[in-house]
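Have a look at the structure below before the remarks.
The values are calculated or read from the model by the stated rules, or taken from the named source; none is laboratory data. Just so it is clear, the model here is predicted, and its values are computed rather than measured. Cβ sites come from the backbone with ideal geometry, for glycine too, and all protein chains shown count toward neighbours. Areas reflect the complete protein model, heavy atoms only, side chains present, ligands, DNA and RNA absent. Shrake-Rupley method; radii C 1.70, N 1.55, O 1.52, S 1.80 Å.
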Amino acid sequence: MSYSTTTLALLGVLLFGAGCSSDKDVEPERRFISFQMNGKIMLSEQRNMVYYVPGDKSDTDPTNDNAQMLIQGYTYDKDAVLIHIMGDDVVIKPGVYTNNQPGNAFTIEKFPTMEFIRADETTGNWRVTIHQVKDNLVIGEFSGTAVSMDNGTIHQLTRGYFKLKCQTNGPALH
């Protein structure tokens, strides 16, 4: 084998080995909210955000004691998706949050019809499970039913997942 063939072979092995790295600390850049509504896939990729406000029990205002998280995105069809989660404490922790808890809600505003579909403490049946809230990364899943505020139709929400970077108003998520 000639010198250039050997060099190319070694370079190929090195590049292949680098591409097969098992570094678990590498975090993919993909941010998304995805779910099925009535069997149709709804996807918001890169056009979304999470805004997090920790609770503040150091003042006399009882309305800001619990943490809040707002997950927002826009599907490729321009539907606006909002998930609002109220914590039971000054931070949002991994766990299950349901629409029976005041303040927790799922809403979607369909485009171009502007139909408003919602699940909150008085409408629908919805739950979100937060799996990870760490290093400004939020990962979770959701499912349930939501109701059209325009015509009363019930919409099934299945296979809902999200993985998003979080903007905070206060200390970073831990």
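Key figures for this structure:
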{"read-out": "Whichever residue in region 107-126 is part of a loop (DSSP other than H, G, I, E, B) and touching a Gly at 6+ places or on another chain (Cβ under 9 Å) and, among such residues, is surrounded by the fewest Cβ atoms within 10 Å (Cβ to Cβ)", "value": "121"}
{"read-out": "Qualifying positions in region 54-64 - out of contact with any helix residue (DSSP H, G or I) (no Cβ under 8 Å at 6 or more places or on another chain) and open to solvent by 40 Å² or more (accessible area, probe 1.4 Å)", "value": "57, 58, 59, 60, 61, 62, 63, 64"}
{"read-out": "Elements of type strands (runs of 3 or more DSSP E) contained in region 26-94, each with 3 or more residues being under 16 Å from residue 142 (Cα atoms)", "value": "32-37, 40-45, 68-74, 80-86"}
{"read-out": "Among residues of region 103-161, those that are aromatic (Phe, Trp, Tyr) and more than 21 Å from residue 88 (Cα to Cα), counted", "value": "3"}
{"read-out": "Residue match in region 156-172 (condition: within 16 Å of the chain's Cα centre (by Cα), at pLDDT below 95 and part of a loop (DSSP other than H, G, I, E, B))", "value": "no"}
